[in-house]
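So the structure is just underneath, and the comments pick up after that.
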Amino acid sequence: MSQTIGNMTESADMVRPRIAALKHLDEARLQEFSAKLDAIGKRVMDSRGPADERYIRRVIFAQRCLEALGRVVIFLGILYMPLFFVGAVILGIAKIIENMEIGHNVLHGQWDWLKDPKIHSSKWEWDGVCPSKQWQRSHNYIHHKWTNVIGMDRDYGYHVLRMSDRQPWKPVYLFQPVSNMLMAIFFEWGVAIHDDEMGGVRSGEKSLKEVMPKVKKLLKKIARQVGKDYILFPLLAGPYFLSVLLANIAANLIRNLWAYAVIFCGHFPDGVEEFTPEDVESEDKARWYVRQILGSANIEGGKWMHFMSGNLSHQIEHHIFPRMPSNRYAAVAREVKPICEEYGIRYNSNGLAWQLFTVWRKVFRYALPPRAAKQWAAD
């Protein structure tokens, strides 16, 4: 008997690899754990309805109003200088909501069931320099399938940072605290150039001619975003071009720093595990669930924290149910955590400050040669 799970094939009689964290569970208990998560997912997905639709439509409407308000307040800065700063903050918040709670989740197909082309994963283009289709391939179809598998998940360290002793050390990693800072500042640009085919050009595996269609789409998207934020709106301000330009740069910086913090705290803090290709050979759905849980971390906080993070503060729930509407994650998390505790599977959840601190600590520790990094850990 066999069945397909995503791109993974499950066969009842094959020998499964054993992730260390699962040694205490026999096969029956592991499959029982998986069945409970399946039941949660099915129940929630079957219950999607008008309340969910009202939620996403209201969020989109509110975000567009907030963006318009931010741009208006920036222009009012012509009359009263401090409003340049206020408008930049409002616009930055609007960009965060568009990227996190709307764009990221729409592009995951969370709202495809509405069958509305205006908010469908195949049509949505978000506010950032990375084309949606390019991001979907590298994120939805690579990162979510091979989460934290060293050498297969390109999002693990983004081919820039060493975040595990399983990654070979190179002298260039000595500079990764600086690389990390630059990644936070220019996060949307890092997302744009972080692509498996672009990486193939840098490694010599692909020619520039092979990826030129993708390069052209990327350049077109960059031109659109740069033209909107850094040329069109500043030009409308006439002699105040520079002030409006700086306000728009500040808004994008606010969005980039927040997106970096949320994404890194969901993937790289202490306690998050990484895996080898051998760990995922013949992986079935139960083990895929466990790998997603062990390879992710949640950020604790209130409703506004969850909303402004695009509900990626529930990174664990997002990784096990990536197509579930994000407004359901908070309730689902209250069910998933006790199940993990029942079966002895670590559920990594902590406050934003602590998660971010441990991320930065790893950035500095793994910048060092292995012997020095081990001494750091021992101290």
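Details
- Selection within the range 19-32 - outside any helix (DSSP H, G or I) and either in contact with a His (Cβ under 9 Å, 6 or more places away or on another chain) or surrounded by fewer than 14 Cβ atoms within 10 Å (Cβ to Cβ) (or both): Lys23, His24, Asp26
- When we screen Ala373, Ala333 for residues that are within 26 Å of Leu37 (Cα to Cα), out of contact with any Pro (no Cβ under 6 Å at 6 or more places or on another chain), crowded, with 16+ Cβ neighbours inside 10 Å and small (Gly, Ala, Ser), the only hit is Ala333.
- Residue tally, condition surrounded by 16 or more Cβ atoms within 10 Å (Cβ to Cβ) and more than 14 Å from the chain's Cα centre (by Cα), over the range 147-159: 3
- Look at the range 105-116: where a residue is under 13 Å from Phe321 (Cα atoms) and a partner is surrounded by fewer than 24 Cβ atoms within 10 Å (Cβ to Cβ) and among the small types (Gly, Ala, Ser), sitting 6+ places away or on another chain with Cβ atoms under 7 Å, you get His108/Ser121; Gly109/Ser121.
- Residues in the range 210-244 that are in contact (Cβ under 8 Å) with a residue 60 or more places away in the chain, assigned to a helix (DSSP H, G or I) and closer than 25 Å to Pro82 by Cα: Val226, Phe233, Leu236, Tyr240, Ser243, Val244.
- Residues considered: Ala88, Ala35. Of these, the only one that is surrounded by fewer than 13 Cβ atoms within 10 Å (Cβ to Cβ) and out of contact with any Lys or Arg (no Cβ under 9 Å at 6 or more places or on another chain) is Ala35.
- Residue-level check: of (1) buried (at least 16 other Cβ atoms within 10 Å of the Cβ); (2) part of a helix (DSSP H, G or I); (3) within 17 Å of the chain's Cα centre (by Cα); (4) not polar (S, T, N, Q), Tyr173 misses just (3).
- Restricting the range 185-207 to residues that are aliphatic (A, V, I, L, M) and at pLDDT 75 or above, the residue that is surrounded by the most Cβ atoms within 10 Å (Cβ to Cβ): Val191
- When the range 143-162 is filtered for residues that are part of a loop (DSSP other than H, G, I, E, B), under 20 Å from Val290 (Cβ atoms) and of a type in the set (A, V, I, L, M), the ones remaining, listed by number, are Ile150, Met152.
- Only residues that are touching a residue at least 40 places away in the same chain (Cβ under 8 Å) and either under 22 Å from Val262 (Cβ atoms) or not in a helix (DSSP H, G or I) (or both) were counted in the range 337-353, giving 11.
- If the condition is being small (Gly, Ala, Ser) and under 17 Å from Ile263 (Cα atoms), then the range 120-163 contributes Gly128, Ser138, Gly157.
- Among the numbered conditions (1) part of a helix (DSSP H, G or I); (2) within 30 Å of Phe33 (Cβ to Cβ), the only one that Trp258 does not meet is (2).
- Residue check for Lys206: in a loop (DSSP other than H, G, I, E, B) and either more than 25 Å from the chain's Cα centre (by Cα) or farther than 30 Å from Leu22 by Cα (or both): yes
- In the range 46-59 there is at least one residue matching the filter, namely being surrounded by 15 or more Cβ atoms within 10 Å (Cβ to Cβ) and in contact with a Pro (Cβ under 7 Å, 6 or more places away or on another chain).
- Filtering the range 294-307 to residues that are part of a helix (DSSP H, G or I) and surrounded by fewer than 23 Cβ atoms within 10 Å (Cβ to Cβ) leaves Lys303, Trp304, Met305, His306, Phe307.
- Subset tally (residues that are touching a strand residue (DSSP E or B) at 6+ places or on another chain (Cβ under 6 Å) and surrounded by fewer than 20 Cβ atoms within 10 Å (Cβ to Cβ)) for the range 240-276: 0
- Residue that is farthest from Ala94 (Cα to Cα), among those in the range 261-287 that are among the β-branched types (Val, Ile, Thr) and in a helix (DSSP H, G or I): Val280
- Among (1) under 30 Å from Leu236 (Cβ atoms); (2) surrounded by 15 or more Cβ atoms within 10 Å (Cβ to Cβ); (3) over 22 Å from the mean Cα position of the chain (by Cα); (4) not hydrophobic (A, V, I, L, M, F, W, C) - the single one Gln63 does not satisfy: (3)
The values are calculated or read from the model by the stated rules, or taken from the named source; none is laboratory data. Predicted model only: the values in this text are computed from it and were never measured. Positions of Cβ are backbone-derived with ideal geometry, glycine not excepted, and every protein chain shown enters the neighbour counts.
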